[in-house]
Amino acid sequence: MSGQAMDYKEEVLRELGNLSKERINEVINFIGYLRSKDVKRRENDKIDVLATSDNALLSIVGIGESGEPHNLAKSHDKYAYGDL
């Protein structure tokens, strides 16, 4: 464990020593909240990665993007039916 991490732990322990039992319980609950936030963030990051890499449809999103003069959205009729 690095020296800086040990310093933080020692500081936290010193501060905990000055708190009432009720406040210590609040600190413990807050630590649980922080951990659950980290778990949710990791799960969301995992979902984002899986969503694009494991889904064939999502893997081709954007493949048809083009600029002028091949803009299919603006020139749909021209490409579908020829010059009108």
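The values are calculated or read from the model by the stated rules, or taken from the named source; none is laboratory data. This is a predicted model, so every value here is computed, not measured. Cβ: placed from backbone, ideal geometry, glycine included. Neighbour counts: every protein chain shown.
As a summary of the residue check, LEU19 satisfies the conditions (1) at pLDDT below 70; (2) part of a loop (DSSP other than H, G, I, E, B) except for the one numbered (1). I'm trying to understand the selection: among the residues of the stretch 1-26, which are of a type in the set (A, V, I, L, M) and loosely packed, with under 10 Cβ neighbours inside 10 Å? MET1, ALA5, LEU13 - these are the residues of the stretch 1-26 that are of a type in the set (A, V, I, L, M) and loosely packed, with under 10 Cβ neighbours inside 10 Å.
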